[in-house]
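The values are calculated or read from the model by the stated rules, or taken from the named source; none is laboratory data. Since we're looking at a predicted model, the values are computed, not measured. Glycine gets a Cβ as well: all are built from the backbone with ideal geometry, and neighbour counts include every protein chain shown. Note: accessible area is taken over every heavy atom of the protein model, side chains too, but ligands, DNA and RNA are not part of it. Shrake-Rupley method; radii C 1.70, N 1.55, O 1.52, S 1.80 Å.
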Amino acid sequence: APLLDGRGLYRFFRVGEDETAALRGVDIRVRRGETVAVIGPSGSGKSTLLACLAGLDEPSGGAVHVGGTRISHRPEAERSRLRARHVGILLQSGTLIRHLSVRDNIRLARAADRHGRHRPVTELLDQVELSHRADALPQELSGGELARAGLAAALANDPDVVLADEPTGELDGDSEQRVLQILRRRANDGRAVLLVTHSSAALSIADRVITLHDGRNVDERD
Ligand code: ADP
Ligand code: ADP
């Protein structure tokens, strides 16, 4: 089975008397070893799709499985537990707590999954080349370091799936390459990576690109 499996996904939003369909039947699967990129114009449903796949939002129709377990259509507490176990999330806005050091942010991410496949903090810091910045606060980091610290936190529980929203959006070329290399290696190690991105460098590490338009996938190319 694919590590990430979203089938027939619909998501409706009520706005006053009106209803918007952000997703209208999206199918997306990412297999072990694959990196898949999602592109599409603004408003095409990319953020909504990512939130549904991460178990942060509930699809109105369809189902999401991660690591072979259904994460959709469950109470929030259960989704949150499954998310901590199976999904690493990387957002452009960052997911680090401001008053905690890099090291403590990683510890906190591990604590979210009490019985998880915790990776040692020193190994995580080493993987993202931030061992020398373990005690720094997020606001003391450069853009590239911040992205890598977020990545270390996302990988803390050795998740089956990494979901990333413009993970290299504001990085210079060198920092972008370092982040992309870590993500690509993740997939090569038998995990699944899904990126929402417009960056051509990020698209170049993808095995497949899925294009969303008006809440539907319109094509898929290798
Ligand atoms: P993208 O990430 O591709 O820009 P989004 O997933 O943010 O697209 O939005 C898809 C559509 O759903 C848009 O028309 C947007 O206005 C609508 N939408 C997204 N979130 C909400 C919400 N919470 N309430 C109402 N409409 C929403
Ligand atoms: P990177 O290539 O990872 O983005 P830089 O070359 O930009 O790193 O930064 C090198 C060093 O300078 C880092 O230790 C970083 O903490 C520091 N630094 C860079 N920009 C800032 C900033 N805006 N605020 C604080 N420290 C910064």
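Structure above, values below:
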{"read-out": "Sole residue being surrounded by 15 or more Cβ atoms within 10 Å (Cβ to Cβ), within 25 Å of GLY33 (Cβ to Cβ) and at pLDDT 95 or above, chosen from LEU82, LEU91, LEU50, LEU125", "value": "LEU50"}
{"read-out": "Residues (open to solvent by 20 Å² or more (accessible area, probe 1.4 Å) and under 27 Å from GLY190 (Cα atoms)) located in the stretch 59-72", "value": "GLY62, ALA63, HIS65, GLY67, GLY68, THR69, ARG70"}
{"read-out": "Single unsatisfied condition, LEU163 versus (1) in a loop (DSSP other than H, G, I, E, B); (2) within 16 Å of ligand 1 (Cβ to nearest atom); (3) under 23 Å from ALA84 (Cα atoms)", "value": "(1)"}
{"read-out": "Top-ranked residue of the stretch 34-45 - restricted to ones that are surrounded by 21 or more Cβ atoms within 10 Å (Cβ to Cβ) and over 12 Å from the mean Cα position of the chain (by Cα), ranked as farthest from ASN157 (Cα to Cα)", "value": "SER44"}
{"read-out": "Any pair with Cβ under 9 angstrom, 6 or more apart, that starts in the stretch 1-20 at a residue that is of a type in the set (Ser, Thr, Tyr) and ends at one that is open to solvent by 70 Å² or more (accessible area, probe 1.4 Å) and assigned to a strand (DSSP E or B)", "value": "TYR10/ARG24; THR20/PHE12; THR20/PHE13; THR20/ARG14"}
{"read-out": "Residue count, the stretch 126-160 (criterion: within 13 Å of ligand 2 (Cβ to nearest atom) and part of a loop (DSSP other than H, G, I, E, B))", "value": "9"}
{"read-out": "Residue tally, condition free of Cβ contacts under 8 Å to residues at least 40 places away in the same chain and under 19 Å from GLN92 (Cα atoms), over the stretch 187-203", "value": "3"}
{"read-out": "Residue in the stretch 31-41 that is within 16 Å of VAL162 (Cβ to Cβ), hydrophobic (A, V, I, L, M, F, W, C) and within 13 Å of ligand 1 (Cβ to nearest atom) present", "value": "yes"}
{"read-out": "Which numbered condition ALA201 fails, given (1) touching an Asp or Glu at 6+ places or on another chain (Cβ under 6 Å); (2) assigned to a loop (DSSP other than H, G, I, E, B)", "value": "(2)"}
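One line per residue, one yes/no per condition, for (1) touching a Ser or Thr at 6+ places or on another chain (Cβ under 9 Å); (2) open to solvent by 20 Å² or more (accessible area, probe 1.4 Å); (3) modelled with pLDDT of 95 or more:
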| position | (1), (2), (3) |
| --- | --- |
| GLU166 | yes, yes, no |
| GLY173 | no, yes, no |
| GLU176 | yes, yes, no |
| VAL193 | yes, no, yes |
| VAL196 | yes, no, yes |
| SER200 | no, yes, no |
| GLU220 | yes, yes, no |
